[in-house]
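*Asks:* Structure in C-alpha cells, see below.
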Amino acid sequence: LTPYTSRQDHIRCSWYHFQHLPNNGKFETIFEIFSGSATTMSYGGYYGHDSRYGDSGSYRQSYAPSYPAGGSYGSFGHRDELDSMQLPRPDFNNLPKFEKNFYLEHPAVTARSDQEVAAYRRSREITVTGEGVPKPVTNFEEASFPEYVLSEVIRANFTEPTPIQAQGWPMALLGRDLVGLAETGSGKTLAYLLPAIVHINAQPYLEPGDGPIVLIMAPTRELAVQIQQEAIKFGASSRIKNTCVYGGAPKGPQIRDLRGGVEICIATPGRLIDMLDSRITNLRRVTYLVLDEADRMLDMGFEPQIKKIVNQIRPDRQTLLWSATWPKDVQQIASEFLSNPYQVLIGSADLKANHRIKQNVEIVEEHQKYGKMIRLLEKEMDGGKILIFCETKRGCDAVTRQLRSDGWPALSIHGDKSQQERDWVLSEFKSGKNPIMLATDVAARGLDVKDIKVVVNYDFPGTVEDYVHRIGRTARAGASGVAYSFMTASNARQARQLVAVLEEAHQEVPHELRSMALVSSGGGGGFRQRNRGGPRGGGGGLGGMSGANAIPVGHRRY
C-alpha cells in the first residue's frame, strides 16, 4: 500500500494498492479507500522516463499561494488594451523533447480493406486529406486508448464513436496537427479531449512554476465551462487537474488554480492574455494546443489575441483546430499555426443546416415581430424549451420584460449579465422551470442544452453562418426540431445565402424571400435599413437579478 497526498489546498487520506505490469509499464489501481469525496482513479498508458505514471510513489506536490476568494487582481476591460499589450518573447532554444505519438493500430483496423474503409467514410460523410491518413475506428476498443480512458468512456454509456471521433482519434493520437470541420453537436470535444488526456499522462510531472501542458482556447465562457465539465468527467481517473479561465468571473480562484499547477487550461483569449501579462502563468510547458470554434473566435475579433498567445507556445507543439465552417480567414490562420496537418470534414464544406430542423422564415415589418412571436408561442408552448435570439442586449431585455409582463415564463442571458446570473438563468432553463430563454449571440455557441424544442430568431443575425449556428441549438443528438425566423428589410443582404441554405435542406422558401434575394443580390439595394430589436423601451436593469429577469411573471399564458 502506497500513501497518496492530494495536491489540493486540503489533504485527503487515500491509500492505493498498485500492481506493476512489466510487459507494458502500466500501473493499475487494484484497491482504493477514500476519506472524503474523491473520485475513482486508475492508471495506465504509454509514458517515458519520469512521466506522470513512471513512478507510482513520486506524484509531485505543487502548492498554491493563498489568495482571497473572489478577489480582483486587475482587469483589461477593453479590446484595444489587449491588442496593444506586448507579451515577453519566449526563448525556444534547447527545448526538451516530448512524446506525442501514442497510436497503436488495432488488429481489426489493420485488417480492414481500403474498400471497407471507403464505404465506412461514405456512410458517415467523412472526407479526409493529408499524408498517411490513418483508417477510422468503428468502436471504442479499436481506438487504442489506455484502460483508464476507455473505462471512463464505457462509464458514460456511449454506444459508438461519432464520425468526427471515429476518424479524429487516430489522427490526434498519432501526434499530427489536425483541422477538424464539423457542425455543433458532433462530439468534437471528446475528439480532442481524450487524446489530450493520453498526451498529458506521457509527459513529465509539473514542477512548481510550470504552466499547463494542454491549452484549449474557446470563444465564449459558456463553451469554456462546457469543455471543463467534460475534462473533469474524463480526467478524474488520471488525477488530471484543470482550470477554466474566462472574463466576467472573479480572478482569485482562477489565479489559485494556475499558481497551484494545472495540466489543462481552458481559456477565452482575453482573460488568458491578462493572466500571461500579469505573470500568473506561462505557456512554456504547452505541447498540445486546441483552438475550438476557431471561426467563431475570428468572427468575434480575437485573431490578434490568438496570435499573441500562440506565439508564446513552442513551435513543435501538436495543434488541433476545430471549426464549423471553412472560410478564408480560418484557412489562413490554419496555414499559419499548423504544420502538415490532417484534415477531416464531416458532411459538406458548404454552409448547411441540420436537415432534422424544420425551418420557417417569414418576412415581416419590425413592429409585427412581437405579435407574430406570441402567436407561435401559443402554438408551440407545451412545456418544451424555446430559445429566442435577439440581436442586441437592449432588445433582449426589452422583449423579456414584455413577455414576463404578459405572463410568459421567460428569462434572458447576454454579455452584460454577471456570471452568477447567467449560471442561474441556464439552470432555470435546463430544469424547465422557465422554459423560454432569450439570448444574444453570446449563447449561440457553447450552449449545452440537448432538448431545446424550438429556436426563434426574433432578430435575424448578421450572417447566415450565425443563423445556422443558432438554429443548431435544436435537433441535437438525433432529435428533430423547429426554427422560426423573422426577417425585415434590414436583413436583405443575407437573403440570397439563406435561400441556398433552405434549398439545400429541402425546406420551403417563401416567395417574399426569393424576391428579396433577387433584389439584394447586388448588395442590398432596394430595401431600406430599419432598426432591429424588440419592443421599444428602456434597457438596463431594475436592480437585483437584473431588470428584465426581475419582472414578475403575469397571469400564465400556457
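None of the figures in this text is laboratory data; all of them are computed from the coordinates on show. Model, not experiment: these values are computed from the prediction. Quick reminder, even Gly has a Cβ in these numbers, built from the backbone with ideal geometry, and neighbours come from all protein chains shown.
*Asks:* Would you mind working out the magnitude of the charge dipole of segment 107-346 relative to its Cα centre, with +1 at each Lys and Arg C-beta and -1 at each Asp and Glu C-beta, to the nearest 20 Debye?
*Replies:* 540
*Asks:* Return 408, 169, 326 ranked ascending by Cβ neighbour count within 10 Å, so the fewest neighbours appear first.
*Replies:* By the 10 Å Cβ count, ascending: 326, 408, 169.
*Asks:* Counting other C-beta atoms within 10 Å, which of 381, 171 has the fewest, and how do the rest follow?
*Replies:* Numbers: 381 18, 171 26.
Starting with the residue having the fewest Cβ neighbours, the order is 381, 171.
*Asks:* Any idea what the dipole of segment 272-339 comes to, in debye rounded to 20, about its Cα centre with Lys/Arg Cβ at +1 and Asp/Glu Cβ at -1?
*Replies:* The dipole magnitude comes to about 380 debye.
*Asks:* Could I ask something else about it? Relative contact order, percent, of segment 265-370 when contacts are C-alpha pairs under 8 Å separated by at least 6 residues?
*Replies:* Values: 69 pairs, mean separation 28.3, N = 106.
Relative contact order, segment 265-370: 27 percent.
*Asks:* Given +1 on the Cβ of Lys and Arg, -1 on the Cβ of Asp and Glu, and no further charges, what dipole in debye does segment 357-520 carry about its Cα centre, rounded to the nearest 20?
*Replies:* Details: 23 positive and 23 negative charges, 54 e Å.
With Lys and Arg at +1 and Asp and Glu at -1, about 260 debye.
*Asks:* Using the charge dipole of segment 217-362 (Lys, Arg: +1 at Cβ; Asp, Glu: -1 at Cβ; taken about the Cα centre), state which of 360, 302, 262 has its Cα farthest towards the positive end.
*Replies:* 262
*Asks:* Excluding residues fewer than 8 places away in the same chain, name every one of the lysines whose C-alpha is closer than 22 Å to that of residue 372.
*Replies:* The qualifying lysines are 358, 385, 393, 453.
*Asks:* Can you tell me how segment 107-346 classifies by the Cα gyration tensor, rounded, prolate or oblate, using a/c under 1.5 as the rounded cut?
*Replies:* Details: a/c = 1.90, a/b = 1.42, b/c = 1.33.
Since a/c reaches 1.5 and a/b is larger than b/c, the shape of segment 107-346 is classed as prolate.
*Asks:* So, one more: What's the ranking of 365-373, 141-149, 115-123 by average number of surrounding C-beta atoms within 10 Å, highest first?
*Replies:* Going by the mean number of other Cβ atoms within 10 Å, highest first, we get 141-149, 365-373, 115-123.
*Asks:* Taking the Cα centre of segment 92-180 as the origin and placing charges on Cβ (Lys, Arg +1; Asp, Glu -1), which of 95, 151, 169 is farthest toward the positive end of the dipole?
*Replies:* With unit charges placed on the Cβ atoms, the residue in question is 95.
*Asks:* Further, regarding this structure: Name the residue from 513, 427, 475 whose Cα lies farthest towards the positive end of the charge dipole of segment 357-520, charges +1 on Cβ of Lys and Arg and -1 on Cβ of Asp and Glu.
*Replies:* Final value for the positive-end residue is 427.
*Asks:* A further question follows. So what's the Cα pair-distance distribution over segment 284-349, bin width 5 Å, in %?
*Replies:* Histogramming segment 284-349 at 5 Å steps yields 3, 16, 30, 26, 16, 6, 2, 0 percent.
*Asks:* Given just the C-alpha atoms of segment 182-324, how large is their convex hull per residue in cubic angstrom?
*Replies:* Residue-normalised Cα hull volume stands at 101 Å³.
*Asks:* Rounded to a whole number of µm²/s, how large is the Stokes-Einstein D of segment 357-520 at 20 °C and 1.002 mPa s, given Rh as the Kirkwood radius over C-alpha pairs?
*Replies:* After rounding, the answer is 134 µm²/s.
*Asks:* As a test of the definition: which semi-axes, in Å, follow for segment 242-313 when you take the square root of five times each eigenvalue of its alpha carbon gyration tensor? Largest first, please.
*Replies:* 19, 14, 11
*Asks:* To continue, here is another question. Order these by the 10 Å Cβ neighbour count, fewest first: 272, 193.
*Replies:* 193, 272
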